[in-house]
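Input: a single structure, listed below in structure tokens.
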Amino acid sequence: IDFDEIDDCAHNGDVTLDGIVNILDVVNLVQAILGNSELDDNQFCNADINEDGIINILDVVAIVQSILGNRAANADMIEIYNNDNTVSMDANGYVGAIQMTLSHGSDFSIELTDNALVALYNTEGNTTTLMIVAPEDNELFTVTGDYKIEETIAANSSDYIDIVNPSAISLGEAYPNPFNPTTSFELQIAVSGHVTMNIYNLMGQLVGTILDGNMDAGYHNITWDASNFSSGMYIVKAETTNTIATQKVMLVK
């Protein structure tokens, strides 16, 4: 045994083993959790602040808490919204970190918010795992391509936060766009209920209705036949009781 390689573990968050705890330790821990890098035994031990034998989002928020201190009242509930391929949150207090797992196709791309302490992701095949640490506003990331949120984990400064699935809808990108005379959308409905999908011109005037009625939760492929419309830009608005998703489309004849 080489005793020079055995160090005492302090469980203090010093992941980089440089004697201080700062944002570099947060970045290194997040990278390890996402699978972008590996920690050696001493790094792992220091990263495991709560000493539960694993490294996860709770260790991340504990390091952030040690760096930033108490910032606001902790959230105990968070809602995640997906509107026009922009994912945002609504929480009732401080959110220390959010981790998500997404499934998607090969045409998928993602852009994380710049307004957070740390925002990183790792893509392997058709799965992307991301973590956003100490987000400063509600918008989390934007994507292109079809995708599905498979799992969401959130924590405040010390514990997990309940994830609430709101009565939300999302409207996938129209294809084709520009189009003539038909285009299709993938409409995702979180909870069964009344849904409308209307067409507006750029002046905000209602010029057509694609659907108006009760729909089951899940994914629905919706096609708009604009044979009777003139060329131009239109706004498609899908709406439930408390959520609206919009998208611009171009009809070219």
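Out of everything in the range 222-253 that is closer than 16 Å to N177 by Cβ, surrounded by fewer than 18 Cβ atoms within 10 Å (Cβ to Cβ) and hydroxyl-bearing (S, T, Y), what residue ends up being farthest from the chain's Cα centre (by Cα)? Among residues in the range 222-253 that are closer than 16 Å to N177 by Cβ, surrounded by fewer than 18 Cβ atoms within 10 Å (Cβ to Cβ) and hydroxyl-bearing (S, T, Y), the one farthest from the chain's Cα centre (by Cα) is S231.
Of all the listed residues (N22, N36, N70), the sole one being out of contact with any strand residue (DSSP E or B) (no Cβ under 8 Å at 6 or more places or on another chain) and either at pLDDT 90 or above or at positive phi (or both) is N22. Within the option set D90, D137, being in contact (Cβ under 8 Å) with a residue 24 or more places away in the chain, open to solvent by 30 Å² or more (accessible area, probe 1.4 Å) and assigned to a strand (DSSP E or B) holds for one residue only, D90. Residue under question is G145, and the condition is that it be open to solvent by 60 Å² or more (accessible area, probe 1.4 Å) and not acidic (D, E); does it hold? Here the answer is no, as G145 does not meet what is asked. Scanning the range 94-133 for residues that are open to solvent by 30 Å² or more (accessible area, probe 1.4 Å), within 21 Å of I161 (Cα to Cα) and not in a strand (DSSP E or B) yields a single hit, N115. Contact annotation: residue pairs with Cβ atoms under 8 Å, 6 or more positions apart or on different chains, pairing a residue in the range 14-26 that is closer than 9 Å to I63 by Cβ with a partner that is hydroxyl-bearing (S, T, Y), are V21/S66; D25/T16.
Taken together, the residues in the range 36-54 that are open to solvent by less than 40 Å² (accessible area, probe 1.4 Å) and either in contact (Cβ under 8 Å) with a residue 40 or more places away in the chain or closer than 16 Å to V133 by Cα (or both) amount to 1.
Scanning the range 140-160 for residues that are without any contact (Cβ under 8 Å) to a residue 60 or more places away in the chain and among the charged types (D, E, K, R) returns D146, K148, E150, E151.
Residue by residue, here is whether (1) in contact with a Ser or Thr (Cβ under 7 Å, 6 or more places away or on another chain); (2) farther than 27 Å from A73 by Cα; (3) aliphatic (A, V, I, L, M) holds:
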position	(1), (2), (3)
E111	yes, yes, no
N138	yes, no, no
Y147	yes, yes, no
I163	yes, no, yes
A174	yes, yes, yes
P181	yes, yes, no
A190	yes, yes, yes
G193	yes, yes, no
N198	yes, yes, no
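Going by the conditions given, is T152 open to solvent by less than 40 Å² (accessible area, probe 1.4 Å), among the polar types (S, T, N, Q) and touching a Pro at 6+ places or on another chain (Cβ under 8 Å)? No; evaluated as a whole, the condition is false for this residue.
The values are calculated or read from the model by the stated rules, or taken from the named source; none is laboratory data. As the structure is a computational prediction, the values presented were derived from the model and not from experiment. Quick reminder, even Gly has a Cβ in these numbers, built from the backbone with ideal geometry, and neighbours come from all protein chains shown. The protein model used for the area step is the full one, side chains on, heavy atoms only, and it has no ligands, DNA or RNA in it. Shrake-Rupley method; radii C 1.70, N 1.55, O 1.52, S 1.80 Å.
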